[in-house]
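Undergrad: I have a structure here, written as structure tokens, and I will follow up with some questions on it.
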Amino acid sequence: MFVIKFINHEADVADSFITQMREVVLSNPAARNLETFRMIKSTANRSVYCCSLNERIFYIKLYSFSSPIKYLKHLFRYSHGIHGYKKSIRLLNENVSTATPVLAMSYLGGLRSLVVHEAIPGVDAEAFFVNYSNNKNLRSTVLKKIGALIAELFAKGFSHGDMNFGGFIVDAKDGNVSVSLIDVDNITNNPKQRFRDIVNFNAHLFVTAKKAQVEMLSSDELREMYLSMLGIYNFDMTETSFFQRLNQATELKLIKWGQKGYIAI
């Protein structure tokens, strides 16, 4: 058994917590009935847990491989957990607001791995806009900050790969509004991906609102968010051409997903 550890000593976590994480990477927390861990979501090859320690909250993303072929491909690469840690550090070094990574571990060449981030105060953007349906000024402030954060990410050479409202955390307590990125697994440096990020983001917003049967954002609000982004990163397009391309590409994406009823921005 061989475990690689990347530890962010600035996070100041106890040795006992690091030992616990080692046990997590070697087995399934749910199977061992560890009461300190609460499962948030789980798929075939990754699970997300929440745990608390000394009044601090942490999120643990545990990865495993669902097929031997996928495992073999990663034998000579960093594991998903190590990649997640390194991406978060790089984003923070570029002053992109994201969750602070605490540690990462990898077992048997990445057969299992994990990354731990300290929780960011607030709620995801989807929940925020549903809960604050009547506060227009606050909604406007948050939308502008989301647009600016997306533009900042792109301007610093990154593309997201899986942009949706669940990946933004909004903290609007005490009149101070902040927006941060979480779930950075798919971030790359592919410039061709950036406009596709916005198309996917726009399509996801439509689908999410349709499923929830709420108008999460009006067309005017969406336009405000994208204009905030275009003020910093404009894809070398005019405002008119951006919205034309975005509407066309979003409608095609939604048709591909079997969705109808898209309203152009």
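Undergrad: If a residue has to be closer than 27 Å to N54 by Cα and out of contact with any Ser or Thr (no Cβ under 6 Å at 6 or more places or on another chain) to count, how many in segment 108-124 make the cut?
TA: Within segment 108-124, residues that are closer than 27 Å to N54 by Cα and out of contact with any Ser or Thr (no Cβ under 6 Å at 6 or more places or on another chain) number 9.
Undergrad: Further, regarding this structure: So, in segment 126-155, exactly how many residues are without any contact (Cβ under 8 Å) to a residue 24 or more places away in the chain and among the aliphatic types (A, V, I, L, M)?
TA: Qualifying residue count for the region: 1.
Undergrad: Another question, if that's okay. Quick one: which residue in S241, S228 is assigned by the TED database to the domain that holds N134 and surrounded by 14 or more Cβ atoms within 10 Å (Cβ to Cβ)?
TA: The unique qualifying residue is S228.
Undergrad: Which residue out of K61, K86 is within 21 Å of the chain's Cα centre (by Cα), open to solvent by 40 Å² or more (accessible area, probe 1.4 Å) and at pLDDT below 95?
TA: Step by step, each of K61, K86 is checked, and only K86 is within 21 Å of the chain's Cα centre (by Cα), open to solvent by 40 Å² or more (accessible area, probe 1.4 Å) and at pLDDT below 95.
Undergrad: While we're here: What's the number of the only condition in (1) out of contact with any helix residue (DSSP H, G or I) (no Cβ under 7 Å at 6 or more places or on another chain); (2) in contact (Cβ under 8 Å) with a residue 12 or more places away in the chain; (3) under 20 Å from R139 (Cβ atoms) that A209 fails to meet?
TA: (2)
The values are calculated or read from the model by the stated rules, or taken from the named source; none is laboratory data. From a predicted model like this one, the values you see are computed outputs, not experimental measurements. Positions of Cβ are backbone-derived with ideal geometry, glycine not excepted, and every protein chain shown enters the neighbour counts. These area figures cover heavy atoms from the full protein model, side chains too; ligands, DNA and RNA do not enter into them. Shrake-Rupley method; radii C 1.70, N 1.55, O 1.52, S 1.80 Å.
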